[in-house]
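Novice: Take this structure, written in structure tokens, and hold onto it; I'll ask about it next.
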Amino acid sequence: MAAKTVQYIFNGATYTLMKNESTGKYEATVTAPSESSWAQTDHVLGGTVKATDEAGNTTTVDQTHATLGSSLKIRVKEKVAPVISITVPSSGAYITNATPSIEFTVTDSDSGVASAKITLDGTEITSVNKTAVTGGYKYTCTPEAALKDGAHTISVIATDNDGNTSEAKTSTFKLDTVPPTLSITAPTDGLITNKSTVTVTGKTDDVTSKPVTVTVNGTAVTVSTDGTFSKDVTLKEGSNTITIIAKDKAGKTTTVTRTVTLDTAAPVIKSITLTPNPVDCGKTFIISVEVAD
Ligand SMILES: [Ca+2]
Ligand SMILES: [Ca+2]
Ligand SMILES: [Ca+2]
């Protein structure tokens with residue numbers, strides 16, 4: 001006797017199987033769900049097969065069946081790799097800490113993140129903290145040894161629970177722990193002048209993060225490609241402090257100050273005394289002058 005109907009109930013749909021005359025088996029073509037089965041019990045989807053004969057007798061087998069149940073379990077895998085975002089240090093950043101915090105996130109919208117691996121300049125960082133965020137994890141770590149000044153590259157790859165591995169995501173940043181050089185060629189410190197304008201000239205440089213910006217008393221000045229600069233400063237009568245600050249792209253600064261005194265008032269001769277007066281021929285007398293300035 002042949003079965004009258006054979007049905008497959010799977011993922012909320014019922015399929016009627018057709019008899020393959022060459023094999024005698026009942027078959028149907030079934031489209032797998034659009035989502036991974038990772039979140040299901042044992043990471044698989046089950047199903048039910050129901051066979052009915054002409055007399056109306058029905059046999060039902062589902063995934064709990066002792067011998068056939070395991071044959072009904074199917075693993076459904078998605079194909080989209082996890083998404084990686086390196087947040088700190090961001091690509092192109094200039095930093096001043098030789099053991100910086102590194103942060104990145106890995107998310108996967110379906111099967112979920114299984115693992116992530118970070119390398120710094122090609123060497124894996126093995127001590128990484130992980131906290132859950134929506135759709136994945138945030139990872140934090142620090143370099144295992146202090147970094148040298150210059151460029152460094154972080155690379156992260158990740159794999160989801162369905163075995164999809166991302167392309168490597170990289171971030172290249174620069175460490176700069178050394179402030180810029182700054183030499184002031186004029187004016188000399190302590191200069192006293194009767195000219196109300198003094199020209200500040202100097203030169204700056206930085207090993208890691210040129211170009212350097214320079215301010216004179218808070219005003220930005222133009223720095224040539226060779227690092228030289230020149231800026232006229234108007235002096236007030238009396239003592240003037242000129243502050244020159246050089247700053248590299250990492251934010252490291254070097255400050256030089258110059259004190260310049262402007263004195264435009266000529267001395268005043270207030271009194272002149274000749275003593276004794278009259279004086280005897282051939283004898284000495286003293287001249288005494290009172291000057292104010
Ligand atoms: Ca995925
Ligand atoms: Ca620097
Ligand atoms: Ca004077």
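The values are calculated or read from the model by the stated rules, or taken from the named source; none is laboratory data. Bear in mind the structure is a predicted one, so any value in this text is a computation, not a measurement. When we count neighbours, we look across all protein chains shown, and the Cβ atoms used for this are built from the backbone with ideal geometry, even at glycine.
Novice: Here's a check for you: in region 1-15, which residue that is within 12 Å of V30 (Cα to Cα) and hydrophobic (A, V, I, L, M, F, W, C) is surrounded by the fewest Cβ atoms within 10 Å (Cβ to Cβ)?
Specialist: This residue is A13.
Novice: Further question: Check off (1) in a loop (DSSP other than H, G, I, E, B); (2) surrounded by fewer than 18 Cβ atoms within 10 Å (Cβ to Cβ) for S209 and give me the number that stays unchecked.
Specialist: Here S209 meets the rest and fails (2).
Novice: Do you know which of the residues in region 75-97 that are under 14 Å from the mean Cα position of the chain (by Cα) and part of a loop (DSSP other than H, G, I, E, B) is farthest from ligand 3 (Cβ to nearest atom)? Steps first, answer last, please.
Specialist: As a first pass, look at region 75-97 and keep what is under 14 Å from the mean Cα position of the chain (by Cα): 84-97.
From what is left, the residues that are part of a loop (DSSP other than H, G, I, E, B) are 89-93, 96-97.
Details: P89: 56, S90: 57, S91: 59, G92: 54, A93: 53, T96: 46, N97: 51 Å.
For region 75-97, the residue satisfying everything is S91.
Novice: Suppose the filter is assigned to a loop (DSSP other than H, G, I, E, B) and loosely packed, with under 12 Cβ neighbours inside 10 Å; does T67 pass it? Explain how you work it out, then say what you get.
Specialist: Numbers: assigned to a loop (DSSP other than H, G, I, E, B): yes; loosely packed, with under 12 Cβ neighbours inside 10 Å: yes.
Answer is yes for this residue.
Novice: Right, something else. Go over the candidates L182, L262 one by one and state the one that is crowded, with 18+ Cβ neighbours inside 10 Å, within 16 Å of ligand 3 (Cβ to nearest atom) and among the hydrophobic types (A, V, I, L, M, F, W, C). If you could, list the steps in order and put the result at the bottom.
Specialist: On the way: L182 fails: within 16 Å of ligand 3 (Cβ to nearest atom).
That would be L262, the only listed residue that is crowded, with 18+ Cβ neighbours inside 10 Å, within 16 Å of ligand 3 (Cβ to nearest atom) and among the hydrophobic types (A, V, I, L, M, F, W, C).
Novice: Given the criteria surrounded by 14 or more Cβ atoms within 10 Å (Cβ to Cβ) and either farther than 30 Å from T222 by Cβ or not hydrophobic (A, V, I, L, M, F, W, C) (or both), does S155 qualify?
Specialist: yes
Novice: Taking region 98-122, which residues are at pLDDT 95 or above, surrounded by fewer than 16 Cβ atoms within 10 Å (Cβ to Cβ) and more than 19 Å from the chain's Cα centre (by Cα)?
Specialist: Across region 98-122, the qualifying residue is only S115.
Novice: Does E237 satisfy being over 30 Å from the mean Cα position of the chain (by Cα) and modelled with pLDDT of 95 or more?
Specialist: Spelling it out, E237 is indeed over 30 Å from the mean Cα position of the chain (by Cα) and modelled with pLDDT of 95 or more.
Novice: Looking at (1) over 30 Å from E237 (Cα atoms); (2) in contact with a strand residue (DSSP E or B) (Cβ under 7 Å, 6 or more places away or on another chain); (3) in contact (Cβ under 8 Å) with a residue 12 or more places away in the chain, which one does T199 not meet, given that it meets all the others?
Specialist: Condition not satisfied by T199: (1).
Novice: Test G150 against the stated conditions and say whether it is at pLDDT 95 or above and either aliphatic (A, V, I, L, M) or within 16 Å of ligand 2 (Cβ to nearest atom) (or both). Please lay out each step first, then the result.
Specialist: Details: at pLDDT 95 or above: yes; either aliphatic (A, V, I, L, M) or within 16 Å of ligand 2 (Cβ to nearest atom) (or both): yes.
Judged against the criteria, G150 is a match.
Novice: Answer yes or no as to whether A116 is in a strand (DSSP E or B), within 16 Å of ligand 1 (Cβ to nearest atom), free of Cβ contacts under 8 Å to residues at least 60 places away in the same chain and over 28 Å from T208 (Cβ atoms).
Specialist: So A116 fits the description; yes.
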